[in-house]
1. Sort out which residues of region 125-180 are among the hydrophobic types (A, V, I, L, M, F, W, C) and either in contact with a Ser or Thr (Cβ under 7 Å, 6 or more places away or on another chain) or within 12 Å of Val77 (Cβ to Cβ) (or both), and write them in order of number.
2. Restricting to region 40-58, what's the tally of residues that are touching a residue at least 40 places away in the same chain (Cβ under 8 Å) and within 15 Å of the chain's Cα centre (by Cα)?
3. Select the helices (runs of 4 or more DSSP H) contained entirely in region 104-211, then report the ones holding at least 1 residues which are charged (D, E, K, R) and more than 17 Å from Pro33 (Cβ to Cβ).
4. Out of Ala97, Ala39, report the one residue that is at pLDDT 95 or above and exposed (fewer than 13 other Cβ atoms within 10 Å of the Cβ).
5. How many of the residues in region 108-133 are closer than 21 Å to Ser54 by Cβ and small (Gly, Ala, Ser)?
6. Quick test of your reading of the structure: Lys134 fulfils all but one of (1) in contact with a helix residue (DSSP H, G or I) (Cβ under 9 Å, 6 or more places away or on another chain); (2) within 15 Å of Ile98 (Cβ to Cβ); (3) of a type in the set (Lys, Arg). Name the failing condition by number.
7. Looking at region 112-151 only, could you name the residues that are in contact with a Gly (Cβ under 6 Å, 6 or more places away or on another chain) and either surrounded by fewer than 24 Cβ atoms within 10 Å (Cβ to Cβ) or without any contact (Cβ under 8 Å) to a residue 12 or more places away in the chain (or both)?
Amino acid sequence: MATIRLFLLAMLMTLVTQVTSLTAGKYNLTLSPGDAAPAWNNLLAVDGKKYSLSDFESSKAIVVVFTCNSCPYAVDVEDRLLAFHQQYGKQGVALVAINVNNVEADLMPAMKEKAKEKAFQFPYLFDETQKIAKDYGAKRTPEFFVLDQDRKIVYMGALDDSPEGKNVSKRYVEAAVDRTLAGEKIEVAETIPVGCAVRFERTRRTRRVRN
């Protein structure tokens, strides 16, 4: 009986592994390139408005970045985010930043200060439930997802090949956006995201949302 149970357990684990490999990416345990992008609804932004994925319906492509204030890696991409928005916003590409960390340095008051300090011209959203990060399988800040016009994920991972922004030789997000706008196949659809771990809470607690 014990032998049979071990055999059945081994078969079950094999099946789970096979199913996971079919539904998840190489580095993302939840999504893979080609999957429909999970939607978010009514997330509060630093400008006081609430945004949903559907609000960007007219955008030719969307770049979603999970980021925060407190991570040094996230800070290192801020100027590159500004440059990206300046270049691609004119081409109909939306950049949306989402923060899910429920720590003092990353709550809405600090987000507003950061957005003002850096003059963010793109939406900077907060999801205290952390659900949207889990839906995307995001584990790092920053971590990027490029969505095409059909809102399918065509790229996910790092912004480029230089976390600190020095000696950048491969601009993964820009290449994915360029090819998406041109209607061409993405050459590199997934890379390893480099950054701080998203601070997921083990248990959901009632928190105050301070504006």
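The values are calculated or read from the model by the stated rules, or taken from the named source; none is laboratory data. All values derive from a computational prediction rather than experimental measurement. Here the Cβ positions follow ideal geometry from the backbone for every residue, glycine too, while neighbour counts run over all protein chains shown.
1. Passing the criteria: Phe144, Val146, Val154, Ala158, Leu159, Val168, Val173.
2. Summing the residues that are touching a residue at least 40 places away in the same chain (Cβ under 8 Å) and within 15 Å of the chain's Cα centre (by Cα) in region 40-58 gives 3.
3. 108-118, 131-136
4. Ala39
5. 1
6. Going through the list (1) in contact with a helix residue (DSSP H, G or I) (Cβ under 9 Å, 6 or more places away or on another chain); (2) within 15 Å of Ile98 (Cβ to Cβ); (3) of a type in the set (Lys, Arg), Lys134 breaks only (1).
7. Matches in region 112-151: Arg140 only.
So that you can scan it fast, the table gives a plain yes or no per residue for (1) surrounded by fewer than 13 Cβ atoms within 10 Å (Cβ to Cβ); (2) touching a helix residue (DSSP H, G or I) at 6+ places or on another chain (Cβ under 7 Å); (3) modelled with pLDDT under 95:
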{"residue": "Pro33", "(1), (2), (3)": "no, no, no"}
{"residue": "Ser54", "(1), (2), (3)": "yes, no, no"}
{"residue": "Val63", "(1), (2), (3)": "no, yes, no"}
{"residue": "Pro72", "(1), (2), (3)": "yes, no, no"}
